[in-house]
Every structure is written in C-alpha cells, then in structure tokens.
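The values are calculated or read from the model by the stated rules, or taken from the named source; none is laboratory data. Please read all numbers here as calculations on a predicted model, not as lab measurements. Glycine gets a Cβ as well: all are built from the backbone with ideal geometry, and neighbour counts include every protein chain shown. Ligands, DNA and RNA are stripped out before the accessible areas are found, and what is left, the full protein with its side chains, is counted by its heavy atoms. Shrake-Rupley method; radii C 1.70, N 1.55, O 1.52, S 1.80 Å.
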Amino acid sequence: MKRILAVDDEAPNREYLSHMLDSLGYEAETAQDGIEALAKLNLGFDLVLVDLMMPGMDGFEVVEAIRQTPEMHDIPIVIITGMENKENRIRSVEAGANDFISKPIDLTELEVRLRSLLKMKEAQDAIKEHRASLEKTVNQRTNALRSALEEMAEAKRMSQTANIETIDCLALASDYKDEDTGSHVRRLSHYCSLIATDLKLSPHQIETIFRASPMHDVGKIGIPDHILLKPGKLDPEEWEIMKQHTTMGSRILGTSPSELLQAGKVIALSHHEKWDGSGYPNGLSGNDIPLSGRICSVADVFDALVSSRPYKEAFSEEKAFGIMEDGRNKFFDPRILDIFFENRDQVLTIKDKFSENSVAKFS
C-alpha cells in the first residue's frame, strides 16, 4: 500500500485529505506544519501533498527543504493551492514540486494525478534494489519511530515557543526602562509586520520581523537613566552616549545562534541608519541598510512622533505624517514610506488598539 504524507495547518483539511486518500486505497499520514512534515519524512513515504498557504513555512519553503535532503530528491510532491496563477505555477516548479492541484480538490483529478506520479516513482524505486532489504523491517519500526519523531517535533515547537517568550520579555524590559509601558514595542511589531506583508515578503520573513523588531532598542538597558530619561535636549556628550544603544543592542543579541536574536541584532544595529547616509552608527545609505532596519526605522519614528516622551509632547497624527513626508529620500526608504502611508487606516487602527493602557501580548 502506497503511503502519502498530507501537510496542512488546518485540522479539518487534514481530516478531509486523509479520508480522500483512504478512499483511494492509500495509507495516509498527516502533518500540521513544515516542522512536523520534515521530521515525519524519515518514516518513508511514496508521495507528499503540501498546502501552499501555511504560517511559518509556506508550501514553497517546505518543498525546497525536502529537495535539499538527498534521500528525498526523487519523492513526488504535489502542491495544493487555492490560487491559480502563472506566478504560483512557476514558483512551484522552481521549488521542486512535480505537480499541483487546485482547491476544491476533485477526487477523480486527485486519483489521476497521484496514480501517474506514483507509477513514475515505482519505476525509480525498481532501480534502487537496496530498498528491498529495508522493507522487511519497516512495519516493525514505523510505530516506534513515528512516536519518537512526533515527540521530537513537539519538543522543537515547545523550544521555539519558549524562545519567543524570552524575546518578548527582553523587549518589554527595554521598553519599560524607557517608556514605562510595553505598548511601544507592541505597536512597532505590528507596524513592521504590516509593512513586511505589503512588501510581499514570505510568511517566515514576516514572522521573523514581527518577533525581532521589538528588540530594536534593547541596548537602552545599558544607557544611564539620567540620559535616557532626561526631560530636555541632550548635550553633545550625552547624545554620543545615547547613540551607543545601537551597538550595545548588537552586542547583547549577537552572541546567540538563535535566528530571531540574530535578526534582532541586525535591526538593533541598523534602525537609526538613514537613507541619505546621515544616520548612525555606521553611516549606511540606501539599499546598503538592511531591509529590516529600513522597515523598523519608519515604524519607530512614527510611533515616537505620536507618543509622549520625557523631552516632548505627542504630536498629532497629521503632523507626524507631515514630518515623515519631509524625511522622504533623506531619512526613509521612499518605497517603504509609501507603503506606510498607503496603509494609513491600518496604521491608526494598530495605534489605537495598542494604546498606552494596552496589556496585550505580542499577537
């Protein structure tokens, strides 16, 4: 009996796919995300069905990860998509998919496509004689191995969750020191996510920016309170000390191998760079400034303008947008600034939702 792995983040879809595969005489196994799918592939499958739109790793990224594993080079992969367009077809082939099928799935079409791909795989498997000896032990090992791999995938999810919670606490600690509230970093993360989404970044990139951007000012933990909370303008010596929060943040985050903390390091170091090169700490300009830093710069400046600080009252939204427009091609990437302005209604919704009195978590 042919074994097929169906990957979909929604439980009803997994149940539906499993039922369809069972009715066609296949042994179905399901995975709820890319992490679990990549782990379960070690159990041995004849074909993979993977949904295109999933949080974290989307279907393209799952296919690319499978193709990067030498043992999985020949396994047929079918992408399930609800969006039929030329771009998705091309990306599917480039990622390494053998075929795709559109939602809602037609049982007859599914049967024809699977049968064709599985016949192709049978021909390839016939060449690999060494698999014959392995088949004798597969059934005995499958249940124990499946349980172990599911536990491994669950442990990785728990580790990722703990990592995110630690990052949230670190971001809030820096914000409470400066603002007496965690609302600034909450708004900032949602502004950055909004911009990243409109830039058509991948779900994984959007999630990374959303989680990493709150760490932009973590270096302020190392700035003395008499400078950080000074109610007036900083003198030149104090300003030079204040600017060091970028490099301090980079050092705090830079020693960890965590992808999120490394992303936070980049943002901490680059979110005060300016499009015309007049920013700090490295005087980068234009596209030499990391994209995540350019995104965070727009979000951070807007939130600073419309928020009260020890040294200023909050500006009106209209005045804040006007000041930012004056910074076009000087302080800000014009493309990112346009996206921010085009999504003004959503920006203001985020501002109101995560007000100074908000205690919501990063979500």
Among L41, L5, the single one that is within 23 Å of E150 (Cβ to Cβ) and in contact with a strand residue (DSSP E or B) (Cβ under 6 Å, 6 or more places away or on another chain) is L5
Boolean, N42 is among the polar types (S, T, N, Q), more than 15 Å from N13 (Cα to Cα) and at pLDDT 85 or above: yes
If you check R211 against the conditions, is it part of a helix (DSSP H, G or I), under 14 Å from C296 (Cβ atoms) and open to solvent by 30 Å² or more (accessible area, probe 1.4 Å)? yes
With the structure loaded, tell me whether E64 is surrounded by fewer than 18 Cβ atoms within 10 Å (Cβ to Cβ), closer than 29 Å to F210 by Cα and not hydroxyl-bearing (S, T, Y) or whether it fails that test. yes
For the stretch 266-277, what are the residues that are open to solvent by less than 20 Å² (accessible area, probe 1.4 Å) and of a type outside the set (V, I, T)? A268, S270, H271, E273
Kindly indicate which of I105, I167, I127 is touching a Lys or Arg at 6+ places or on another chain (Cβ under 7 Å) and modelled with pLDDT of 60 or more. I167
When the stretch 88-109 is examined, which residues are found to be assigned to a helix (DSSP H, G or I), touching a helix residue (DSSP H, G or I) at 6+ places or on another chain (Cβ under 8 Å), within 24 Å of L21 (Cα to Cα) and free of Cβ contacts under 8 Å to residues at least 60 places away in the same chain? S92
In the stretch 291-315, which residue that is in contact (Cβ under 8 Å) with a residue 60 or more places away in the chain and polar (S, T, N, Q) is most open to solvent (accessible area, probe 1.4 Å)? S292
Can you give me the number of residues within the stretch 83-110 that are exposed (fewer than 11 other Cβ atoms within 10 Å of the Cβ) and within 26 Å of the chain's Cα centre (by Cα)? 6
Residue among G322, G279, G283, G293 that is in a helix (DSSP H, G or I) and touching an Asp or Glu at 6+ places or on another chain (Cβ under 8 Å): G293
Which one of these does Y280 not meet: (1) open to solvent by 50 Å² or more (accessible area, probe 1.4 Å); (2) closer than 22 Å to I209 by Cα? (1)
Filter result (part of a helix (DSSP H, G or I) and touching a helix residue (DSSP H, G or I) at 6+ places or on another chain (Cβ under 9 Å)) within the stretch 214-238: P214, M215, V218, G219, K220, I221, G222, D225, H226, I227, L228, E238
